[in-house]
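Below: one structure, written as structure tokens.
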Amino acid sequence: MFLGLQPPVGERGFSPVSEVNNQGFSPGILEQDNGLATNSENLLTVIDVGSAKTCVLVGETIDGSLRYRGHGISESRGSRKGAIVDLEKASSSIHRAVEEAEKIAGATIDHAVVTMGGPLVRGLNSRGGLNLGSRPREITREDVRQASERARSVVLPADREMMHLLPQEYIVDQQSSIRDPLGMIGMKLEVSVHIVTAGKSSSQNVVTAANRAGIQVDDTIFEGLASAEGTLKSDERELGICLLDIGAGSTDLIVYFEGAVAHTGVVPIGGDHFTNDVAVGLRTPLIEAEKIKRLFGNAVVTNVPESNEIEVPAVGERPSRLMPQRLLSEILEPRARELFEYVRDNLRQGGVLEALGAGSVLTGGGARLAGLMPIAESVLRSPSRIGRPATIAKMPMELSDPEFATAVGSLMYANRSRVARSGPGQTGFAAKLKAIFQSA
Ligand SMILES: Nc1ncnc2c1ncn2[C@@H]1O[C@H](COP(=O)(O)OP(=O)(O)OP(=O)(O)O)[C@@H](O)[C@H]1O
Ligand SMILES: [Mg+2]
């Protein structure tokens, strides 16, 4: 995780983790003023500010291994399509979820890692390198840092800032596909990286909303990257996989190939678009459409027996009606196909459509729609599975549903970054790069 282009502490009201301050993740919990117990050094907190729900998750690290301590969930207000549209409402959603998590964790939360996703996030590939001299010599940590600095010195538009710098491979002289060049001998070191950027004002709004809820933001993490951390297996990342986090307002996607991030993107369709279609198509209020979608929805028309009927509440005072369940699927199937066609186009444009040896993984609340997987398989022409977050010790069952992949994954990611930084000689930038490759 890397926030290299952000200003130092104070300027934006938060302290990003970067080599500028080189602080590592700030301990999650410090205050003792409300009488809650603290074990501050070991606590980590993440906040997933989604368009549908805000989830705060607190973990405890003991000897590098992660254990659940508490969580809180509130309905998201003031966020739409990954962006904050009402600061006051967004910060009170964060506040409510934080309070609930504090009660369960028995500790005060005043620092956290916060997720960002939706259309405000973009990814691009870049390459940089440096000559090591006229004779071959050993590659040092400083060389790796400098090569990475050059790779990230692409000119970003003034309204964007860097969120992650993810190494893909190092090239020493002519030899490519190197994961860790430290100690190797060569005359030229190059690195190719994937850079994830966020819109400056939108990311600042998320940080401000957290600040107003009394939370200092230690770092930000791309939601797709967090969900991948929570759901993907290392052999899938090697073979080539596309992780799709189908949220409420949009779908974040991230592609791994040969163990590294090859592509990230966002498509502007999420679960709420399905709900809207149902509300319009069945002429029922949104809240009823959401219930009907969850209870009776199936994205494959032919999966639903022709004779099945469902009761559909009407708008206004009119009585409920009985309708064929297939009618519901006739609304959902074209939307599901459209979603994956958008994904397919995005992958094709990114040059990675043919790289999905392990197919796709569907996660996020939207992935719970029955029948979505076969539609993904038919449009993307590769196997698909549902991605549930990995289990953290002592984690309650309810957090294993796909909509918690981002929160659980960001806690795992934050923990891994902390562990990498606390290892011998592992500080700052080099440790972050190493941490990222170790995940592969
Ligand atoms: N059982 C279900 N069947 C179908 N859709 C579901 C089901 N459960 C949740 N959803 C959909 O999942 C979406 C919410 O997913 P999630 O909680 O992952 O979103 P979010 O993280 O808050 O949003 P975003 O990531 O877009 O900011 C909603 O559109 C909801 O309708
Ligand atoms: Mg989400």
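Values quoted throughout were computed directly from the atomic coordinates according to the rules given, and no laboratory measurement underlies them. Source: prediction; values computed, not measured. In this analysis, Cβ positions are derived from the backbone assuming ideal geometry, glycine residues included, and neighbour counts consider all displayed protein chains.
Which ³J(HN,Hα) values, rounded to whole Hz and listed in residue order, are derived for segment 352-367 from phi using the Karplus coefficients 6.51, -1.76 and 1.60 in 6.51 cos²θ - 1.76 cosθ + 1.60 with θ = phi - 60°, glycine and proline given as x?
Whole-Hz 3J(HN,Hα) from phi for segment 352-367: 10, 4, 8, 9, 8, x, 9, x, 10, 10, 9, 9, x, x, x, 6.
Calculate one ³J(HN,Hα) per residue across segment 199-215 by plugging θ = phi - 60° into the Karplus curve 6.51 cos²θ - 1.76 cosθ + 1.60, and present them in order as whole Hz with x for glycine and proline.
Along segment 199-215, the couplings run x, 4, 5, 5, 6, 5, 5, 5, 5, 5, 4, 5, 4, 5, 8, x, 10 Hz.
State the extension gain, in nm to one decimal, for the chain segment bounded by Arg318 and Arg294, taking 0.36 nm per residue of separation less the distance between their alpha-carbons. Let's see the in-between values first.
Values: separation 24, 0.36 × 24 = 8.64 nm, distance 2.30 nm.
Here the segment from Arg318 to Arg294 would lengthen by 6.3 nm.
Report the convex hull volume per residue for segment 121-198, counting only C-alpha atoms, in Å³.
Dividing the Cα hull volume of segment 121-198 by its residue count gives 81 Å³.
Share of Cα-Cα pairs in segment 126-250 beyond 19 Å, in percent?
Distances greater than 19 Å cover 62 percent of the Cα pairs.
Whose amide H sits under 5 Å from the amide H of Ser360, counting only residues 5 or more places off or on another chain, with H placed in the peptide plane?
The list, which skips near neighbours in sequence, is Cys242, Ser384, Arg385.
Please list, in order along segment 157-174, the HN-Hα scalar couplings obtained from phi with the Karplus expression 6.51 cos²θ - 1.76 cosθ + 1.60 (θ = phi - 60°), rounded to whole Hz, x for Gly and Pro.
Calculated HN-Hα couplings, in order: x, 4, 8, 10, 9, 7, 9, 9, 10, 10, x, 9, 7, 9, 10, 10, 6, 9 Hz.
Just need log10 I(q)/I(0) for the chain at q = 0.07, 0.11, 0.12 Å⁻¹, Debye formula, equal scatterers on the alpha-carbon atoms, no solvent, rounded to two decimals.
-0.35, -0.84, -0.99
Quick check on segment 265-416: of the DSSP beta bridges with both residues there, what percent are antiparallel, nearest 5%?
50
State the three equivalent ellipsoid semi-axes of segment 332-432, derived from the C-alpha gyration tensor as the square roots of 5 times its eigenvalues, in descending order and whole Å.
Working: eigenvalues 203, 79, 19 Å².
The answer is 32, 20, 10 Å, longest axis first.
How far, in nm, would the chain grow between Asp345 and Met397 when pulled straight, counting 0.36 nm per residue and subtracting the alpha carbon separation?
Roughly 15.1 nm would be gained on extension.
For the modelled label position 7 Å from the Cα of Ser153 along Cα-to-Cβ, which residues of segment 123-139 have backbone nitrogen atoms closer than 19 Å?
Answer for this model: 125-134.
Report the charge-dipole magnitude of the chain in Debye, nearest 20, computed about the Cα centre from +1 at each Lys and Arg Cβ and -1 at each Asp and Glu Cβ. Don't skip to the answer; put the middle values down first.
On the way: 46 positive and 53 negative charges, 99 e Å.
Computed charge dipole of the chain: roughly 480 debye.
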